[in-house]
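Presented below is the structure to which this report refers.
Every read-out reported here was derived from the displayed coordinates using simple, explicitly stated rules and does not represent laboratory data. Every value quoted in this text rests on a predicted model; they were computed, and no experiment measured them. Methodologically, a virtual Cβ is constructed for each residue, glycine included, from the backbone with ideal geometry; neighbour enumeration extends over all protein chains shown.
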Protein chains: 2
Amino acid sequence: MKIISTVKEMQKISLALKTKGETISFVPTMGFLHKGHLSLIKIAKQQADTVIVSIFVNPTQFGPNEDLDKYPKDFKKDRELCENEGVDYLFYPDVKEIYPENFQTYIELSKLPKYLCGKNRPTHFKGVATVVTKLFNITQPDIAIFGKKDYQQFQIIKQMVKDLHLPIKIIGGEIIREDDGLAMSSRNKYLKSAERESALSLSKSLKLAEDLIKKGETNLLLVREEIKKFIESFPYTEIDYISTVDPQLLTNIDNLPKNGFLLALAVKVGRARLIDNQLIKKES
Amino acid sequence: MKIISTVKEMQKISLALKTKGETISFVPTMGFLHKGHLSLIKIAKQQADTVIVSIFVNPTQFGPNEDLDKYPKDFKKDRELCENEGVDYLFYPDVKEIYPENFQTYIELSKLPKYLCGKNRPTHFKGVATVVTKLFNITQPDIAIFGKKDYQQFQIIKQMVKDLHLPIKIIGGEIIREDDGLAMSSRNKYLKSAERESALSLSKSLKLAEDLIKKGETNLLLVREEIKKFIESFPYTEIDYISTVDPQLLTNIDNLPKNGFLLALAVKVGRARLIDNQLIKKES
């Protein structure tokens, strides 16, 4: 595995691979890798000749009071994990390399970022869309893989790729969970042991909603109310949102549709802001 | 020459050419081609194996009270001109093809569009940056050529390509003028015969400034004042801006710098909004 730190070298390698007719799959990450990331890398391995993983904690997707400075890092472990998964190139640039002086070009979507996480993180997806486009142009992938825990991000990237005509296939990797149900996240590291039980309120809420729908509930407003009460019954929790939305448009839904809906949650547990989601259908 | 009207077909052709190792040069236009456009196509011919020209009157770069509906068209003549210049592919999509339902991704620069034309056309360069990125991804060029009459556009495209790491070389084509000095523009068609003399106030202002600098003037504020009086002496003229700026940053300059400055003008003559510009140095 080669570690590449400059845009110029990474792009030169990628363009040379493309000229040789090799296919490239790409997994962008912010590092501190867990089994969720590794599941994406495994998909990448199956999909193309060459696998590129990037590790870059992107400052433009963090708000002013968010955890940019505290975001967990462990490059040595990340490098080992990537090596073990058979990654070919690890792209590991510093911030000045991606955002040099006078950088000023941003990509923004006008609709999808208005919902869910975008409401309380108004510049987050602008930062995501911008850095992902940059990374795509640097690594020239045929296929890119994103985790569905960040469901809104996944939908935004798909829409952006379509709108900008990027010749890249976007694949979503399923949410990977701890044995007790907690969705894997680098931010789980922030959880104190006393908070860990409360963190399960998210995945348990998904089950609760599924059960309510199975029992015949069709009023999603009531489902959201039940989940709200449930999560509030755990200590250390502070709800950001509990949303039932159209899985493509991310617009609010109050009555159970035939094709199902997405239940998406964001809850602060201690200082960890956690998210989780699930597609729920009547006959799921 | 092949005329292509769908994104899918154009991109398929471009990607197939790239796979074969052929180079592509690209000239994006809004049609109603004149000798300025043809000079860009001639550069394109010299620079790559395959030349793609696009004709697309991009609605997102027009403001609400601008001339989108009146923008001149002559596809039959454009097609002939392109054929005569040896263009290989003419990409001629309709608006729905480029902006389908639910389109929502835009590219915006935070600095360069604040100056010159961007002041009175606040969404213009967002539309330009967005459509050019889309056209780049569709036509996959190695080289793209833009006319320097739209100097601010040229600088914005270069900055955007750098910021987004697009592997494309941007070349600027010099301003092409009528025999009397009027910069070629599709919008010259709007000029009534009585207004034609007044349209020359722009190119004559460039000469006036050059003469003032040659004579030792170093106060660009005074140069702008002289030009203002000069243009106002012509009937039918309404000044949008007379600016002396840094050629890269487009920021205002009041004292003649060693490396010169850009004089940029926008003047309405009748219903034609005309622009012109020139780099001016002490020893030019």
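Write down the Å³ per residue value for the convex hull defined by the alpha carbon atoms of the range A:67-141. Spell out each step's value before the answer.
Values: hull volume 11.0 nm³, N = 75.
Spread over its residues, the Cα hull of the range A:67-141 gives 147 Å³ apiece.
From the cross-link list A:Lys35/A:Lys77; A:Lys45/A:Lys169; A:Lys18/A:Lys169; B:Lys204/B:Lys228; B:Lys45/B:Lys77, which pairs have alpha carbons spaced over 18 Å apart? Display every interim value, and only then the final one.
Working: A:Lys35/A:Lys77 13 Å; A:Lys45/A:Lys169 14 Å; A:Lys18/A:Lys169 15 Å; B:Lys204/B:Lys228 12 Å; B:Lys45/B:Lys77 20 Å.
B:Lys45/B:Lys77, as the Cα separations exceed 18 Å there.
Counting only DSSP beta bridges with both residues in the protein assembly as shown, tell me the antiparallel percent, nearest 5. Before the final figure, lay out the partial values.
Working: 45 of 83 bridges.
Antiparallel bridges: around 55 percent, rounded to the nearest 5.
Given the options A:Asp179, A:Asp67, A:Asp150, state which has the largest fluctuation in a GNM of chain A using a 10 Å cut-off (strictly under) for Cα springs.
A:Asp179
Of all alpha-carbon pairs in the range B:163-232, indicate the percentage at a distance above 20 angstrom.
Working: 1196 of 2415 pairs.
Value for the range B:163-232 (Cα pairs over 20 Å): 50 percent.
What is the helix-to-structure angle for A:193-214, meaning the angle in degrees between its Cα long axis and the longest Cα principal axis of chain A, kept from 0 to 90 and rounded to the nearest 10?
On a 0 to 90 degree scale, this one is about 70.
Extent of the protein assembly as shown along each principal axis, from alpha carbon coordinates, in Å, largest to smallest?
Ordered largest first, the protein assembly as shown gives principal extents of 80, 47, 47 Å.
Quick one: of B:Lys148/B:Lys258; B:Lys42/B:Lys207; A:Lys119/B:Lys114; A:Lys20/A:Lys126, which pairs are farther than 24 Å apart, Cα to Cα?
Exceeds cut-off: B:Lys42/B:Lys207; A:Lys119/B:Lys114; A:Lys20/A:Lys126.
Tell me the mean residue ellipticity at 222 nm calculated for the protein assembly as shown from its helices only (DSSP H runs of n ≥ 4, each -39500 (n - 2.57), averaged over every residue, nearest 500).
Values: 18 runs with 217 residues, N = 568.
Result for the protein assembly as shown: -12000 deg cm²/dmol, rounded to the nearest 500.
Quick one: among B:Lys126, B:Lys207, B:Lys96, which has the greatest mean-square fluctuation in a GNM of chain B with alpha-carbon springs under 10 angstrom?
Of the options given, B:Lys96 has the highest mean-square fluctuation.
Connecting C-alpha atoms closer than 10 Å in a GNM of chain A, tell me which of A:Lys192, A:Lys148, A:Lys45 has the biggest fluctuation.
Checking each option, the largest mean-square fluctuation is seen for A:Lys192.
Can you tell me the 0 to 90 degree angle between the C-alpha axis of helix B:7-19 and the longest principal axis of chain B, rounded to 10?
So the inclination is approximately 80 degrees.
Between rounded, prolate and oblate, where does the range B:50-195 land on the alpha carbon gyration tensor, with a ≥ b ≥ c its root eigenvalues, rounded for a/c under 1.5, else prolate if a/b exceeds b/c? Mind dumping the intermediate values first?
On the way: a/c = 1.30, a/b = 1.13, b/c = 1.15.
Cα axes put the range B:50-195 in the rounded bin.
For the range A:227-284, state which trypsin sites (Lys or Arg not before Pro) are in a DSSP loop and have at most 16 other beta carbons lying within 10 Å of their beta carbon. The partial results should precede the final answer.
On the way: sites: A:Lys228, A:Lys229, A:Lys258, A:Lys268, A:Arg271, A:Arg273, A:Lys281, A:Lys282; in loops: A:Lys258, A:Arg271, A:Lys281, A:Lys282.
Filter output for the range A:227-284: A:Lys258, A:Arg271, A:Lys281, A:Lys282.
With the cut-off at 25 Å, report for chain A the share of all Cα pairs above it, as a whole percent.
49
Kindly provide the GluC sites (Glu not before Pro) of the range B:20-126 that DSSP labels as loop, not H, G, I, E or B, and whose Cβ sees at most 12 other Cβ atoms within 10 Å.
Details: sites: B:Glu22, B:Glu66, B:Glu80, B:Glu83, B:Glu85, B:Glu97, B:Glu101, B:Glu108; in loops: B:Glu22, B:Glu66, B:Glu85, B:Glu101.
In loop regions of the range B:20-126 (DSSP not H, G, I, E or B), the sparsely surrounded GluC sites (Glu not before Pro) are B:Glu101.
If one takes the longest principal axis of the Cα atoms in chain B, at what angle in degrees, from 0 to 90 and to the nearest 10, does the Cα axis of helix B:151-163 lie?
Tilt relative to chain B: about 50 degrees.
For the range B:130-194, compute the orientation-averaged projected area of the C-alpha convex hull (one quarter of its surface), in nm². Provide the component values of the computation, followed by the final result.
On the way: hull surface 22.2 nm².
The number I arrive at for the range B:130-194 is 5.6 nm².
For the range B:148-272, what ratio Rg/Rh do Cα atoms give with a Kirkwood hydrodynamic radius?
Values: Rg = 15.9 Å, Rh = 15.9 Å.
Checking Rg against Rh, the ratio lands at 1.00.
Take A:Lys35, project a point 7 Å from its Cα along the Cβ direction, then tell me which residues of the range A:169-206 have their backbone nitrogen under 13 Å from it.
A:175-185
Quick one: in chain A, whose Cβ comes closest to the A/B rotation axis, and how close in angstrom?
Nearest Cβ to that rotation axis, in whole Å: A:Ile107, 3.
Let's test the formula: R0 of 45 Å, r as the Cβ-Cβ distance of B:Arg271 and A:Leu249. What FRET efficiency results, to the nearest 0.05?
Values: r = 41 Å, r/R0 = 0.92.
Calculated transfer efficiency: 0.65.
Given axes a ≥ b ≥ c from the Cα gyration tensor, I'd like to know whether the range A:1-103 is rounded (a/c under 1.5), prolate (a/b larger than b/c) or oblate. Numbers along the way, then the final one.
Details: a/c = 2.16, a/b = 1.29, b/c = 1.67.
Oblate shape, in that a/c is at least 1.5 and b/c is the bigger or equal ratio.
Considering the Cα trace of the range B:201-273, what is its radius of gyration and what is Dmax, both in angstroms?
12.2, 38
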